[in-house]
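Report on the following structure.
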Amino acid sequence: MDKIIIEGGQTRLSGEVKIEGAKNAVLPLLAATILPTEGKTLLRNVPILSDVFTMNNVVRGLNIQVDFDQAKNEILVDARGPILDEAPYEYVSQMRASIVVLGPILARQGHAKVSMPGGCTIGSRPIDLHLKGLELMGAEIHQEGGDITAKADKLKGATIYMDFPSVGATQNLMMAATLADGVTVIENAAREPEIVDLAILLNKMGADVKGAGTETLTITGVKELHGAEHDVVQDRIEAGTFMVAAAMTSGNVLIKDAIWEHNRPLLAKLMEMGVKATEEKGGIRIQANRDQLKPVTVKTLPHPGFPTDMQAQFTALMAVVKGESTMIETVFENRFQHLEEMRRMGLHLEILRETALIHGGQQLQGAPVMSTDLRASAALILTGMVAEGKTVVSKLNHLDRGYYQFHEKLKALGAKIERVSEDSHG
Ligand code: EPU
């Protein structure tokens with residue numbers, strides 16, 4: 001496996017960076033391509049990521065044709081004709097997000113068998129809300145031998161209150177409801193931009209989804225769906241990662257095509273710290289002098305709160321800001337593992353349950369570190385840019401799940417960064 005080597009200390013990022021389509025949008029969009037029984041679906045602005053390859057294989061495993069034209073960032077899906085109703089362990093086990101195929105398969109086939117997703121380093125991540133919602137719509141659910149089997153000749157519209165606005169459960173139930181009999185109301189639904197993107201595609205396919213982006217979704221079932229064309233929304237987390245990278249290196253970077261509204265919770269905190277953020281025609285410009293930034297308190301919450309997917313990267317920024325900053329992680333119970341790696345780079349911090357106190361502003365030192373999950377890997381690379389000397393980040397399989405050409409993009413902005421294969425630097 002590859003490693004990333006960073007020579008840190010004096011890096012100041014400057015220039016422009018292009019943002020890809022959102023990983024967390026395209027995965028459920030691919031699940032939605034299972035639904036149409038007429039026409040093909042074309043997704044554009046698709047990022048080239050290992051999670052996308054995995055989801056393509058999950059969908060292909062259902063006997064659906066999936067063609068990924070990487071040169072054009074387009075995926076064409078043909079789900080006409082008979083499809084299978086089992087998503088095998090071989091693919092599902094590689095990625096938790098593949099559980100979102102359960103709703104679409106069940107809605108289309110009346111029966112679905114999907115392997116139970118396994119454990120995860122950032123938290124236990126149960127799927128009870130997905131299953132409870134489907135049961136309220138009339139599905140009989142059984143869990144046996146590591147598989148979930150769901151059966152309902154025809155799903156029925158229902159009112160579902162979600163105890164927590166889970167992103168994946170909202171997506172699963174929204175897709176299932178498009179072909180149900182009658183009206184489904186999802187209360188306390190997730191409001192992330194990726195939910196809105198999914199609703200847009202479903203409506204283009206002929207579905208009737210209202211209220212996406214608010215806490216109440218109303219879905220009136222239709223008889224069948226057809227293929228459609230859709231541009232995947234920009235990746236607000238990739239954009240946010242570069243915003244943080246610019247701020248912590250006292251940089252001046254234009255994040256091209258970043259959407260202000262989608263990054264509002266992050267931008268609010270950056271500006272509270274003293275970072276200059278400006279909306280320009282081509283995107284969002286971030287400028288900062290890190291020696292003048294102030295410490296802040298941040299609490300992760302479902303959208304429109306501060307995104308948990310920016311938590312690790314933001315702690316890297318907190319590490320260079322003089323004074324005590326506080327990070328409270330409320331969405332996942334085990335998402336501070338990157339901090340233990342940053343401690344090895346000289347960061348002073350204390351962790352008490354969901355709260356991390358970060359004593360920032362000390363000069364960090366480069367060290368060999370290991371990424372523990374996707375966002376942790378980005379955070380460690382950013383930290384390597386401000387630490388003195390050499391940082392080597394390993395376990396890049398996590399990074400490749402969600403960032404396309406991360407090191408090339410940072411290098412083009414001025415970072416001293418290389419990617420090497422593990423063997424060549426044994
Ligand atoms: N939860 C339950 N029961 C459920 C579902 C969720 O208790 O049935 C809990 C989870 O255990 C967790 C919380 O609710 O503590 C949030 O989970 P949610 O279902 O909202 O997250 P997800 O759909 O599994 C998506 C993103 C994650 C992102 C979260 C939160 C995708 C593919 N993944 O996961 O992205 O952190 O929403 O915003 O969209 C990442 O990109 O690095 C990543 C982990």
>> I'd like to check something: does the stretch 161-178 contain any residue that is surrounded by fewer than 18 Cβ atoms within 10 Å (Cβ to Cβ) and assigned to a strand (DSSP E or B)?
In response: yes
> In the stretch 46-96, how many are part of a loop (DSSP other than H, G, I, E, B), hydrophobic (A, V, I, L, M, F, W, C) and more than 15 Å from the ligand (Cβ to nearest atom)?
Replying inline: 7
> Would it be correct to say that K223 is within 28 Å of E86 (Cβ to Cβ), assigned to a loop (DSSP other than H, G, I, E, B) and basic (K, R)?
Replying inline: yes
> Got a number for residues in the stretch 127-142 being in contact (Cβ under 8 Å) with a residue 12 or more places away in the chain, within 13 Å of the ligand (Cβ to nearest atom) and farther than 18 Å from T218 by Cβ?
Replying inline: 5
>> Given (1) buried (at least 17 other Cβ atoms within 10 Å of the Cβ); (2) out of contact with any Leu (no Cβ under 6 Å at 6 or more places or on another chain), identify the lone condition not met by P28.
In response: (2)
> Which numbered condition trips up R264, out of (1) within 16 Å of A319 (Cβ to Cβ); (2) not in a loop (DSSP other than H, G, I, E, B)?
Replying inline: (1)
>> Checking G61 against (1) in contact (Cβ under 8 Å) with a residue 24 or more places away in the chain; (2) surrounded by fewer than 17 Cβ atoms within 10 Å (Cβ to Cβ); (3) more than 19 Å from the chain's Cα centre (by Cα); (4) more than 22 Å from I200 (Cα to Cα): exactly one of these is not met. Which one?
In response: (2)
> Of everything in the stretch 211-253 that's within 23 Å of the chain's Cα centre (by Cα), surrounded by fewer than 21 Cβ atoms within 10 Å (Cβ to Cβ) and away from the ligand (no atom under 16 Å from the Cβ), which residue is nearest to L382 (Cα to Cα)?
Replying inline: D231
> What pairs can you find where one residue is in the stretch 145-174 and farther than 26 Å from S93 by Cβ and acidic (D, E), the other is modelled with pLDDT of 95 or more and more than 10 Å from the ligand (Cβ to nearest atom), and their Cβ atoms are less than 9 Å apart, with a gap of 6+ or different chains?
Replying inline: D153/G110; D153/H111; D153/G138; D163/N188
>> Tell me whether the stretch 193-200 contains one or more residues that are in contact (Cβ under 8 Å) with a residue 40 or more places away in the chain and more than 24 Å from S93 (Cβ to Cβ).
In response: yes
>> Can you list residue pairs whose Cβ atoms sit under 7 Å apart, with the first residue in the stretch 324-343 being among the aromatic types (F, W, Y) and the second being within 16 Å of the ligand (Cβ to nearest atom)? Count only pairs 6 or more apart in sequence or on different chains.
In response: F332/I122; F332/G123; F332/T308; F336/E329
> If we keep just the residues of the stretch 300-350 that are in contact with a Gly (Cβ under 7 Å, 6 or more places away or on another chain) and among the basic types (K, R), which is nearest to I286 (Cα to Cα)?
Replying inline: K322
> Pick from the stretch 329-345 the residues that are within 28 Å of I127 (Cα to Cα) and touching a helix residue (DSSP H, G or I) at 6+ places or on another chain (Cβ under 7 Å): which of them is farthest from the ligand (Cβ to nearest atom)?
Replying inline: L339
>> I want to confirm something. Restricting to the stretch 25-44 and keeping residues that are assigned to a strand (DSSP E or B) and of a type in the set (A, V, I, L, M, F, W, C), which single residue is farthest from the ligand (Cβ to nearest atom)?
In response: L42
> Can you name every residue in the stretch 185-194 that is touching a strand residue (DSSP E or B) at 6+ places or on another chain (Cβ under 7 Å) and surrounded by 24 or more Cβ atoms within 10 Å (Cβ to Cβ)?
Replying inline: I186, A189
> Taking the stretch 381-405 as the region of interest, how many residues are surrounded by 24 or more Cβ atoms within 10 Å (Cβ to Cβ) and either over 25 Å from F53 (Cα atoms) or under 15 Å from the mean Cα position of the chain (by Cα) (or both)?
Replying inline: 10
> Would a scan of the stretch 208-215 turn up a residue that is among the hydrophobic types (A, V, I, L, M, F, W, C), in the same structural domain as P47 (by the TED database) and touching a residue at least 60 places away in the same chain (Cβ under 8 Å)?
Replying inline: no
>> Suppose we filter I99, I122 for residues that are assigned to a loop (DSSP other than H, G, I, E, B), touching a residue at least 24 places away in the same chain (Cβ under 8 Å), within 13 Å of the ligand (Cβ to nearest atom) and in the same structural domain as V66 (by the TED database); which single one remains?
In response: I122
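The values are calculated or read from the model by the stated rules, or taken from the named source; none is laboratory data. All of these numbers come straight from a predicted model, not from anything done at the bench. Cβ coordinates were reconstructed from backbone atoms using ideal geometry, including for glycine residues, and neighbour counts include every protein chain displayed.
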